[in-house]
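Notes to accompany the following structure.
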Amino acid sequence: MKRPDQLTTGSIPKTLMLFALPILLGNVLQSINGSINAVWIGKFLGAAALTGANNANIVMFLLLGAVFGITMASTILIAQAVGAQQPEEAKRITGTSATFFFVLSLAFSLGGFFASPYILAWMGAPADAVVFGTAYLRVMFVALPASYAFFFINAGLRGAGDSKTPFRFLVLSVVLDVALNPLFIFGLGPIPAMGIAGSALATLVSQCVALAAILRHVYKI
């Protein structure tokens, strides 16, 4: 965790740029990751699969966006506590927010798993795309608790003044996702070909690995 004075002293433009650059690069990496996954699905599984995955990703984007404001509020409170040199208050805010996000993610995950085909049908997805989208979206809903936890921890670290650590573990997540997509889609050796569900499983595995790694890092600190 950075000391607060490292963000409040020196050149303001330089400090802001050094803090914001990992965040901007992280957004670029996530966009590239999504594009690469779309190429695998669209080129090898067909247009219906790509349509289903795109509709499913819209649902996940909305769910992440729904908690973005709450995450930002938690980040601001954590930043204020760290800036005021009140570590116990920062821990209390982090613990309360983490509990909230964990319960919320479980509720979304369970409800979304069973409602996936109805959500896609309500969105007006073609019937053939609904089949692919359901297989993809259900795995993504299983991954939702890990995604929420990873998202929240990254936001908390940024609130504490550290944007480099979240970026490093985001790189780990993206690299794993890109590498595992073709492996799980087409299969290899004992790993069966899982089609579009394999693409979502790659996201699930990469998120879980990155979450475990960043938790280990945080608790070592």
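The values are calculated or read from the model by the stated rules, or taken from the named source; none is laboratory data. Nothing here was measured: the structure is a model prediction, and the numbers come from that model. Every residue, glycine as well, gets a Cβ built from its backbone with ideal geometry; the counts of neighbours run over all protein chains shown. Quick note on the areas: whole protein, heavy atoms, side chains included, nothing else; ligands and nucleic acids left out. Shrake-Rupley method; radii C 1.70, N 1.55, O 1.52, S 1.80 Å.
Per-structure values
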quantity: Segment 137-168: number of residues that are assigned to a helix (DSSP H, G or I) and under 26 Å from residue 80 (Cα atoms); calculated: 18
quantity: Test result for residue 220, touching a helix residue (DSSP H, G or I) at 6+ places or on another chain (Cβ under 6 Å) and open to solvent by 60 Å² or more (accessible area, probe 1.4 Å); calculated: no
quantity: Scope segment 49-93; condition β-branched (Val, Ile, Thr) and either under 18 Å from the mean Cα position of the chain (by Cα) or closer than 30 Å to residue 118 by Cα (or both); matching residues; calculated: 51, 58, 59, 67, 70, 71, 75
quantity: Those residues of segment 45-93 which are surrounded by 13 or more Cβ atoms within 10 Å (Cβ to Cβ) and either touching a Lys or Arg at 6+ places or on another chain (Cβ under 7 Å) or at positive phi (or both), in sequence order; calculated: 46, 75
quantity: Odd one out for residue 117, checked against (1) touching a Ser or Thr at 6+ places or on another chain (Cβ under 6 Å); (2) buried (at least 20 other Cβ atoms within 10 Å of the Cβ); calculated: (2)
quantity: Matching residues in segment 120-129 - criterion: being under 9 Å from residue 48 (Cβ atoms) and open to solvent by less than 60 Å² (accessible area, probe 1.4 Å); calculated: 129
quantity: Unique match (being under 12 Å from residue 153 (Cα atoms) and out of contact with any Cys (no Cβ under 8 Å at 6 or more places or on another chain)) among 71, 96; calculated: 71
quantity: Close pairs from segment 43-72: first touching a residue at least 24 places away in the same chain (Cβ under 8 Å) and more than 13 Å from residue 144 (Cα to Cα), partner part of a helix (DSSP H, G or I) and open to solvent by 30 Å² or more (accessible area, probe 1.4 Å), Cβ under 6 Å, at least 6 apart; calculated: 48/128; 48/132; 49/132; 52/132
quantity: Unique residue being assigned to a helix (DSSP H, G or I) and either modelled with pLDDT of 95 or more or within 16 Å of the chain's Cα centre (by Cα) (or both) when the list is 134, 99; calculated: 134
quantity: All positions within segment 71-97 that are touching a Leu at 6+ places or on another chain (Cβ under 6 Å) and more than 19 Å from residue 215 (Cα to Cα); calculated: none
quantity: The one condition in (1) out of contact with any Ser or Thr (no Cβ under 8 Å at 6 or more places or on another chain); (2) at pLDDT 95 or above; (3) crowded, with 16+ Cβ neighbours inside 10 Å that residue 141 fails to fulfil; calculated: (1)
quantity: Residue tally, condition part of a loop (DSSP other than H, G, I, E, B) and either open to solvent by 50 Å² or more (accessible area, probe 1.4 Å) or in contact with an Asp or Glu (Cβ under 8 Å, 6 or more places away or on another chain) (or both), over segment 177-198; calculated: 5
